[in-house]
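These notes are about the structure you will find just below.
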Amino acid sequence: MRDRTLVTRYAQAYVTFALPKIGLPQIVEDMKSLRGVLREHPEFQHFLETPEVPQPDKARVIDHVMSEGFHLETREFLKYLISKKRINRIVDITDYIRVVYSHGEVVDAVLRTTFPVELDIVEAIKNKLAARLGKKINLYLELKPELLGGIQIVIGNKIMDGSIRHKLEELRKQLLKVQVVR
């Protein structure tokens, strides 16, 4: 579970970083190309993962070998993964980006409520989410009586929680912090 969360976060961070500069189609294309290079040349991946090779040497090789056909943002991302000692996750990250972002900017979201919601309200929530995220939304509904009221929206590994249960929990935490002075 931790590995999947790690891969998702790095992939989303890269997309967020590169999106304004090169756009989603180029991000996906770079990841497809990178995955192909890693598949055809496993020795390159081994080189990137080898701890005996200093980071500056790896950075120079990345810039030299990948200067043709790969955007600067992709090369910088690889160097960042090396600096964070996460380069061993590059195959998983490329696969995640290729699968999740190949279909354009569509995001799956789950709307959790305690009771069935009117269709026009669901549509309004979907439209506001789409406008806020700048992406198309596939919205799925889930009934969760334990929320006690309100709604909860889950998008990827992010949760927007407007449930009564969440608000009561926050209130409980605040009350536990209060000290009574005599």
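Where a number appears in this text, it was derived from the coordinates with a stated rule and is not lab data. For clarity, every value in this text was computed on a predicted model and none was experimentally measured. Please note: Cβ atoms are built from the backbone with ideal geometry, for glycine as well, and neighbour counts cover all protein chains shown.
Residue by residue, segment 141-158 carries 3J(HN,Hα) couplings of 9, 9, 8, 9, x, 5, 6, 6, x, x, 9, 9, 10, 10, 10, x, 9, 10 Hz when phi is fed to the Karplus relation 6.51 cos²θ - 1.76 cosθ + 1.60 (θ = phi - 60°); x denotes Gly or Pro. Once each part is reduced to its C-alpha centroid, what is the distance from segment 65-87 to segment 148-182 in angstrom? Result: 40 Å between the Cα centres. Computed from backbone phi, the HN-Hα couplings of segment 159-174 come to 10, 9, 10, x, 7, 5, 4, 5, 5, 5, 5, 4, 4, 4, 4, 5 Hz, rounded to whole numbers (Karplus: 6.51 cos²θ - 1.76 cosθ + 1.60, θ = phi - 60°; Gly and Pro given as x).
Relative protection proxy for 12-18, 37-43, from highest mean packing down: 12-18, 37-43 (other beta-carbon atoms within 10 angstrom).
Note on K173: aspartates and glutamates with a C-alpha under 20 Å away, same-chain residues under 8 apart excluded, are E146, D161. The listed peptides 87-94, 160-167, ordered by packing as a protection proxy, come out as 87-94, 160-167 (highest mean of other Cβ atoms within 10 Å first). Over the C-alpha atoms of segment 112-182, the Rg to Rh ratio, Rh being the Kirkwood estimate, stands at 1.13.
Computed from label points 7 Å out along Cα-Cβ, the spacing between S102 and K144 is 3.0 nm. The Cβ shell under 13 Å around N127 holds other residues with a net charge of +3, Lys and Arg each +1, Asp and Glu each -1.
Placing +1 on the Cβ of every Lys and Arg and -1 on the Cβ of every Asp and Glu, with nothing else charged, gives the chain a dipole about its Cα centre of roughly 880 debye. The angle between the Cα long axis of helix 72-83 and the main principal axis of the chain comes to about 80°, on a 0 to 90 degree scale. In terms of packing, defined here as the mean over residues of other Cβ atoms within 10 angstrom, the peptides 24-35, 145-156 line up highest first as 24-35, 145-156.
Calculated from the structure at hand, Rg/Rh (Cα atoms, Kirkwood Rh) is found among (1) 1.12; (2) 0.93; (3) 0.97 as (1). In this label model, L133 and H41 are separated by 3.6 nm, measuring between points 7 Å along each Cα→Cβ vector. Look at Y10, Y140 and count the other Cβ atoms within 10 Å of each Cβ; fewest to most, that gives Y140, Y10.
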